[in-house]
Structure formats: structure tokens, C-alpha cells
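I have placed the structure first, in the form of C-alpha cells, so that the comments after it can refer back to it.
The values are calculated or read from the model by the stated rules, or taken from the named source; none is laboratory data. Note that the coordinates shown come from a computational prediction; the quantities given were computed from them, not determined experimentally. With ideal geometry, Cβ positions are generated from the backbone for all residues, glycine too; neighbour counts draw on all protein chains shown. Accessible surface is based on the protein model in full, side chains and every heavy atom, while ligands, DNA and RNA are left aside. Shrake-Rupley method; radii C 1.70, N 1.55, O 1.52, S 1.80 Å.
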Amino acid sequence: MLAPLTRRNFFRASAVGSLGRAGGGAMPVPSPPAQQQPATDTVDHSGHAAIDMPGFVGEINHEFNGFNPTDILTDFNLGDRVSTLENGQTLREYDIIAGDKQVEVAPGILFPAWTYNGRIPGPTIRCNEGDRIRINFLNGSGHPHTMHFHGIHPANMDGVFEVIQPGQSFVYEFDAEPFGVHQYHCHVMPLAKHIAKGLYGAFIIDPKGGWPKADREFVMVMSGNDIDFDGGNDFYNVNFIPFPFDRHPIQIKVGELVRVFLINMLEFDLLNSFHLHANFFQWYPTGTSLTPSEFTDTIILGQAQRGMLEFRYKFPGKYMFHAHVTEFAELGWTGNFQVEE
Ligand code: CU
Ligand code: CU
């Protein structure tokens, strides 16, 4: 007899392919990945950890998904078309299509997601403070959606009351302000569902003249995966895939200034957090000031809160970063920086 599916036994179940169906939600991939190994207790109790944290056996098919959490770290969209208006203002135009899409969130498990441009999080929209932003939005999904941007703009550009029906389009246009780390997301009810299904993305407005030069800039959007649609998260992630950087560490170098644009889009749980191992970081809440508010190794974020971290590693080696809501870490929100000389 199969044990009931719980958050705790899910990965073990999926690892051996014994999971027929996860509730009424996510469906198994029709042809499971070829390389699956027997599930084992990942912790060697003799004291030698087989891997750093719990994980899953097998691999996500990122090509099937059409996006990869590692690529999303550094994929900044400065505009599909950039031009100069008569008044000298820079115009950045973006084409965004909402769609319905199956996304493999754990090996062999498909989640019926809603996406902007086929990926989760959606495109990272990046611009300078004062630029004119024009979003050509087409709703290619079978459900009504919008794009609601955080930031300052007129009411009719807020993406709340003008619900865009399937097949319809809308142009959002406004000046980018204030500078900082923001986000956009669908604002159709039920809101938590539209966000948790994948309709969100980073919106980064650089200050005039830019932030001080960093060697690396990464976008990390924290969220959850409610694969059985019970209004609770089964896994947790950065850039939508659980354990994103656990087996694919982020490569950096000793002494490099690393900047992380961190956004909490987690639904169903009130708090999320980010903890950096063996180091401290400067924290810029919402990224709206050039002066950090705190020098710390752990930051707590409520829903939609975000900001910027800056740090350098002093010594080479492998360092974890993860939610210090440790249950989230064990259920997918964990990763590593690989620091080389
Ligand atoms: Cu929506
Ligand atoms: Cu919001």
C-alpha cells in the first residue's frame, strides 16, 4: 500500500517513480527521465553526508521547460526595442505573452503553470530610472490575466481593474520610478493562485548613473510550488525549480563583488528568508537607497518584500545559501556558491 503523499516523503516517492499522481494537480511526465536511480537515505549516519541537504534523484529537463533557473540569474531584458523619444527620453518596449504551460518542477512531475513568455519567473525587465516603459501585453492563456507593476504610475496602468481576457491585448506604459528592486505579477482574482501558478517576474530600475559596479549580478525570485493546489506549498525554490543551485552551484571568484536582486513572491506562507553561509552581506531594502540598512547574514522577507544584497567571499570553497526557515530549505530552497581563487 502506498503511503499518502506528504511534503516530507514526496522527493523519495518521486525518486523511485512510484508516484502515480500528486493529488489533483501536477501530472507525471509521460516518459520518465531515463536516468533514475533507486532512492536512498541521502544522509550517511556514520557522519559523512552523501549530499549537503535533502534533494531529489534524477534531473529536471530544462529543455522541456524552455527555461533554466541558472540562466534566469543573469538574463536581464533591457528592452526588445530601445529608442529615443522626441523629448530625449529613452523608450524601452517589451513584448510579453501570458500562456498556459506544463513545467517539470521535480523529476517526472509536471505542473500546469501559467507563464509570462514561457518562463517562471517571467522576463527580468530592467531599465534606468526615468525611462519610458512600454509593455505590449498579449494574453495567450485560456484564463484572464493582467500585468501589475510595483512602482509609481497612473491608476489606469496599474493592471488591476482592466482585466485582459484570453486573446486580448493591452499596452502598459509609464515612466520607471523609483529606482530599486521591484516586481510585476498578475492581479486577477484569486490572486494567490494567479501568482503561485507562475505569473510574476523581476522589475529592476537602475538609479540614474547606475549602482556602483559589481562583478556579478544575479536575480533570485523566491517562491513555492503548490503542486496539488491545496493552498499550501509542497516545495520551495529560487527561480521556480526546487533545489536549483544545490547540484549546480553558482560560480563566483574570491573577492568579487556579488550583487543579488532578491524578491519574495512566495504565496501561502507569510515569511521567507535568505541566509548566506560563512559570510555577511550589505542589505538594501527595496533597493531604493544607495546606503545599506544592515550588515547581516540573514534577512527575513514578507510577501512581495525585496531588496538587494552585496557581498564578497574572502576564502575559496563551497558555501551554502538557503532560507533560514529551515523547513523551506529542506523542501527545496537551498543552493551553493562555488567560490574559486
Ligand atoms: Cu492571472
Ligand atoms: Cu504585488
Number of positions in the range 305-314 that are open to solvent by 20 Å² or more (accessible area, probe 1.4 Å) and part of a loop (DSSP other than H, G, I, E, B): 3
I want to confirm something. Restricting to the range 176-196 and keeping residues that are surrounded by fewer than 17 Cβ atoms within 10 Å (Cβ to Cβ) and away from ligand 1 (no atom under 16 Å from the Cβ), which single residue is farthest from Ile133 (Cα to Cα)? Pro178
Selection count, the range 197-239, where residues are open to solvent by 10 Å² or more (accessible area, probe 1.4 Å) and within 16 Å of ligand 2 (Cβ to nearest atom): 1
Whichever residue in the range 268-288 is surrounded by 22 or more Cβ atoms within 10 Å (Cβ to Cβ) and not hydroxyl-bearing (Ser, Thr, Tyr) and, among such residues, is nearest to Ile250 (Cα to Cα): Leu276
If you take the residues of the range 161-175 that are aliphatic (A, V, I, L, M) and open to solvent by 20 Å² or more (accessible area, probe 1.4 Å), which of them is nearest to Ile72 (Cα to Cα)? Val171
Residue list for the range 160-175, filter: within 15 Å of ligand 1 (Cβ to nearest atom), among the aromatic types (Phe, Trp, Tyr) and touching a residue at least 12 places away in the same chain (Cβ under 8 Å): Phe170, Tyr172
Would you check if Ala176 is more than 22 Å from Val325 (Cα to Cα), in contact with a Lys or Arg (Cβ under 6 Å, 6 or more places away or on another chain), away from ligand 2 (no atom under 15 Å from the Cβ) and of a type in the set (A, V, I, L, M)? no
Inside the range 94-105, can you point out the residues that are charged (D, E, K, R) and open to solvent by 10 Å² or more (accessible area, probe 1.4 Å)? Asp95, Asp100, Lys101
